[in-house]
Amino acid sequence: MKSKRIIPGFGISMGVTVTILSLVVLIPLASLVIYTSTLSLSELFETITRKRVLASFWVSISTALVATLVNAVMGTIIAWVLVRYEFPGKKIVDGIIELPFALPTAVAGISLTSLATDQGLIGKFFALFGVKVAYTKLGIIFALIFVGIPFVVRNVQPVLEKFEATYEEAAEVMGASRSLVFWKVIFPELKPALFTGAGLAFGRCIGEYGSVIFIAGNTPFKTEIAPLIIMSELQAFEYSKATCIALVMLVFSFLTLFAVNILQARNNKILAGRN
């Protein structure tokens with residue numbers, strides 16, 4: 001007797017899957033290649049190697065990388081606290097983590113800018129030490145940390161929840177210090193989830209526009225991000241140049257996520273071999 005399935009068979013399910021992926025992912029991405037193909041190789045190279053464009057690439061990539069490193073550390077700590085400790089308001093804190101997902105990026109940008117200016121709560125504190133936050137790269141990093149940290153927390157948190165405390169206890173009984181237990185017992189289990197969360201956070205940060213545009217200051221060659229260059233080209237009706245720059249960002253993000261997936265698969269094989 002054939003087992004009854006809740007959802008339709010493979011043929012229908014696969015057809016729906018391919019259709020959705022095509023409409024949502026493949027067709028929009030293919031349009032970038034089509035628009036870019038209207039440029040010759042020399043025009044394409046000239047577009048992406050303009051000094052202002054290269055500077056915007058550097059601002060976007062460097063700030064996204066720094067924000068991702070901060071998110072990897074702080075996101076792991078937050079996930080650890082939410083899993084390992086009980087305290088009043090824990091559910092509220094756990095819900096606040098997802099606020100950057102739901103909050104409109106423009107609202108986030110205005111809020112962060114008001115906090116980071118010299119008259120804002122955070123900006124005023126750093127101004128005492130002569131550090132300017134708003135309209136600098138530091139401000140961009142501040143905004144990117146805000147939008148990227150939920151990716152790390154939500155990827156690391158389930159792993160910590162499923163982790164067996166008996167492994168830690170066994171290592172401590174054998175005389176391992178708490179730091180050694182973390183790096184040799186806990187961290188290897190966290191690495192795949194941490195790499196995935198950090199990769200997703202980096203992909204989100206590198207293309208973030210709404211929450212960054214207000215706090216960046218948009219000074220050419222200093223705080224101008226690549227998405228702003230794309231918007232400028234679109235406003236000038238230079239669609240092929242805009243899609244060309246967007247394609248470069250897409251390729252970079254894809255290669256980053258591809259590398260993260262390779263590392264994750266490698267770590268999973270190592271962990272499976274140990275077990």
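Looking at segment 135-142, can you tell me whether even one residue there is over 18 Å from CYS205 (Cβ atoms) and either under 26 Å from the mean Cα position of the chain (by Cα) or not in a helix (DSSP H, G or I) (or both)?
Just the residues of segment 135-142 that are over 18 Å from CYS205 (Cβ atoms), to begin with: 135.
Those still in the list that are either under 26 Å from the mean Cα position of the chain (by Cα) or not in a helix (DSSP H, G or I) (or both) too: 135.
Yes.
Given the conditions (1) surrounded by 17 or more Cβ atoms within 10 Å (Cβ to Cβ); (2) at pLDDT 90 or above; (3) closer than 27 Å to ILE262 by Cα, report the number of the one that ILE140 does not fulfil.
(3)
Evaluate segment 116-125: report whether one residue or more is within 22 Å of the chain's Cα centre (by Cα) and aromatic (Phe, Trp, Tyr).
Here is the first cut: in segment 116-125, the residues within 22 Å of the chain's Cα centre (by Cα) are 116.
Adding the requirement that they be aromatic (Phe, Trp, Tyr) leaves none.
The answer is no, given that none of the residues of segment 116-125 is within 22 Å of the chain's Cα centre (by Cα) and aromatic (Phe, Trp, Tyr).
In segment 104-115, how many residues are open to solvent by less than 70 Å² (accessible area, probe 1.4 Å) and touching a helix residue (DSSP H, G or I) at 6+ places or on another chain (Cβ under 8 Å)?
Going through segment 104-115 one residue at a time, the tally reaches 7.
For residues that are open to solvent by 50 Å² or more (accessible area, probe 1.4 Å) and assigned to a helix (DSSP H, G or I), tally how many sit in segment 188-222.
Within segment 188-222, residues that are open to solvent by 50 Å² or more (accessible area, probe 1.4 Å) and assigned to a helix (DSSP H, G or I) number 6.
Can we say THR68 is among the hydroxyl-bearing types (Ser, Thr, Tyr), buried (at least 18 other Cβ atoms within 10 Å of the Cβ) and in contact with a Phe, Trp or Tyr (Cβ under 6 Å, 6 or more places away or on another chain)?
On the way: among the hydroxyl-bearing types (Ser, Thr, Tyr): yes; buried (at least 18 other Cβ atoms within 10 Å of the Cβ): yes; in contact with a Phe, Trp or Tyr (Cβ under 6 Å, 6 or more places away or on another chain): yes.
In short, yes.
Out of curiosity, is THR38 more than 29 Å from SER211 (Cα to Cα) and in contact (Cβ under 8 Å) with a residue 24 or more places away in the chain? Full working, then the answer.
Working: more than 29 Å from SER211 (Cα to Cα): yes; in contact (Cβ under 8 Å) with a residue 24 or more places away in the chain: yes.
Yes: the conditions hold for THR38.
Going through segment 62-92 one residue at a time, which ones are part of a helix (DSSP H, G or I) and either modelled with pLDDT under 90 or of a type in the set (D, E, K, R) (or both)?
From segment 62-92, those part of a helix (DSSP H, G or I) are 62-84, 90-92; that's our starting set.
Result: ARG84, LYS90, LYS91.
What is the residue count in segment 223-241 for residues that are outside any helix (DSSP H, G or I), of a type in the set (A, V, I, L, M) and in contact (Cβ under 8 Å) with a residue 24 or more places away in the chain?
So the count comes out to 1.
Which one is nearest to THR136 (Cα to Cα) among residues in segment 23-61 that are in contact with a Ser or Thr (Cβ under 6 Å, 6 or more places away or on another chain) and not in a helix (DSSP H, G or I)? Before you say what the answer is, go through the steps one by one.
Taking segment 23-61 and keeping what is in contact with a Ser or Thr (Cβ under 6 Å, 6 or more places away or on another chain), we get 32, 35-36, 38-39.
The next check asks that each one be not in a helix (DSSP H, G or I); those that pass are 38-39.
Values: THR38: 36, LEU39: 34 Å.
Here the answer is LEU39.
Can you name the residue in segment 223-252 that is open to solvent by less than 10 Å² (accessible area, probe 1.4 Å), more than 18 Å from the chain's Cα centre (by Cα) and not β-branched (Val, Ile, Thr) and, of all such residues, is nearest to LEU26 (Cα to Cα)?
The residue in question is CYS244.
Run down GLU169, GLU161, GLU208 and say which single residue is acidic (Asp, Glu) and at pLDDT below 85. Explain how you work it out, then say what you get.
Details: GLU161 fails: at pLDDT below 85; GLU208 fails: at pLDDT below 85.
Answer to the check: GLU169.
When you scan segment 195-234, how many residues do you find that are of a type in the set (S, T, N, Q) and more than 20 Å from LYS51 (Cα to Cα)? Walk me through how you get there before you give the answer.
Keep residues of segment 195-234 that are of a type in the set (S, T, N, Q), which gives 196, 211, 218-219, 223, 232.
Right, trim to more than 20 Å from LYS51 (Cα to Cα) and you get 196, 211.
Residues in segment 195-234 being of a type in the set (S, T, N, Q) and more than 20 Å from LYS51 (Cα to Cα): 2 in total.
This table checks each residue for (1) surrounded by fewer than 16 Cβ atoms within 10 Å (Cβ to Cβ); (2) farther than 27 Å from ILE215 by Cβ.
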{"site": "ILE97", "(1), (2)": "no, no"}
{"site": "ALA102", "(1), (2)": "yes, no"}
{"site": "THR117", "(1), (2)": "no, no"}
{"site": "PHE129", "(1), (2)": "yes, no"}
{"site": "VAL147", "(1), (2)": "no, no"}
{"site": "VAL152", "(1), (2)": "no, no"}
{"site": "GLU161", "(1), (2)": "yes, yes"}
{"site": "GLU172", "(1), (2)": "yes, yes"}
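Just one of THR36, THR47 is at pLDDT below 80 and touching a Cys at 6+ places or on another chain (Cβ under 7 Å); which is it? Break it down stepwise before answering.
On the way: THR47 fails: at pLDDT below 80.
None of the other options fit; the residue is THR36.
Does segment 157-167 contain at least one residue that is over 30 Å from ILE96 (Cα atoms) and in a helix (DSSP H, G or I)?
yes
The values are calculated or read from the model by the stated rules, or taken from the named source; none is laboratory data. Just so it is clear, the model here is predicted, and its values are computed rather than measured. In this analysis, Cβ positions are derived from the backbone assuming ideal geometry, glycine residues included, and neighbour counts consider all displayed protein chains. Surface accessibility is based on the protein's heavy atoms, side chains included, excluding ligands, DNA and RNA. Shrake-Rupley method; radii C 1.70, N 1.55, O 1.52, S 1.80 Å.
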